[in-house]
Every structure is written in structure tokens, then in C-alpha cells.
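Student: Below is a structure I'd like to ask you about.
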């Protein structure tokens, strides 16, 4: 005769506590949040409500306060 041990499945976190999987950046001057794509000098910033990533922040400054965004190397 063989025996079987039943193991319950691991507990899952509550759906309401699920964090936003998108990477974000918070401006150190004003606290404005932007979504980030890429790494280092290849980072591209988008407004959080730009779901299609159609309008990147092109001038490398915070749209709210004008503070410079990280990611571009200066010579």
C-alpha cells in the first residue's frame, strides 16, 4: 500500500496589492512621476498616462519644473 501526501498550493497575494509593473522615475525637485523605458543614456521618459508610448519627453527635462532628467552623459 502506498501513501500520498497532499501539499496545498502557495498563497497568492491579494489582487488589490499588486504593484504597478512599469518602471517609474520621480523628479527630485518637484516629485513629478514619469514612466521610464531603457537604461543609462538610452532611457526614454513618458508621462504616466501615455499608454501607447507615443509622446516621449524629448528635451531631457522634467515637464513640470524643468529640472534635468538623469541618463544623458555630459562631455
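Every number in this text was worked out from the coordinates using simple rules, so none of it is lab data. This is a predicted model, so every value here is computed, not measured. Cβ atoms come from the backbone with ideal geometry, glycine included; neighbour counts cover every protein chain shown.
Student: With a point put 7 Å past each Cα toward its Cβ, work out how far residue 64 is from residue 30 in nm, to one decimal.
Tutor: 0.7
Student: Quick check: convex hull over the Cα atoms of segment 22-75, volume per residue in Å³, rounded to an integer?
Tutor: Details: hull volume 4.5 nm³, N = 54.
Spread over its residues, the Cα hull of segment 22-75 gives 82 Å³ apiece.
Student: Hey, another quick one. Take each of the peptides 57-63, 30-36, average the number of other beta-carbon atoms within 10 Å over its residues, and list them starting from the highest.
Tutor: Result, highest mean first: 30-36, 57-63.
Student: According to a simple spin-label model (label point 7 Å from Cα along Cα-to-Cβ), what is the distance in nm between residue 7 and residue 47?
Tutor: 4.9
Student: Let me ask another. Under the 0.36 nm per residue contour assumption, what length would be gained going from the current alpha-carbon distance of residue 22 and residue 39 to full extension? Show your work: numbers first, answer last.
Tutor: Values: separation 17, 0.36 × 17 = 6.12 nm, distance 1.35 nm.
Gain on extension, residue 22 to residue 39, equals 4.8 nm.
Student: Pairs of Cα atoms under 8 Å, at least six residues apart: use those to get the relative contact order of segment 22-75, whole percent.
Tutor: Values: 72 pairs, mean separation 15.7, N = 54.
Dividing the mean separation by the residue count of segment 22-75 yields 29 percent.
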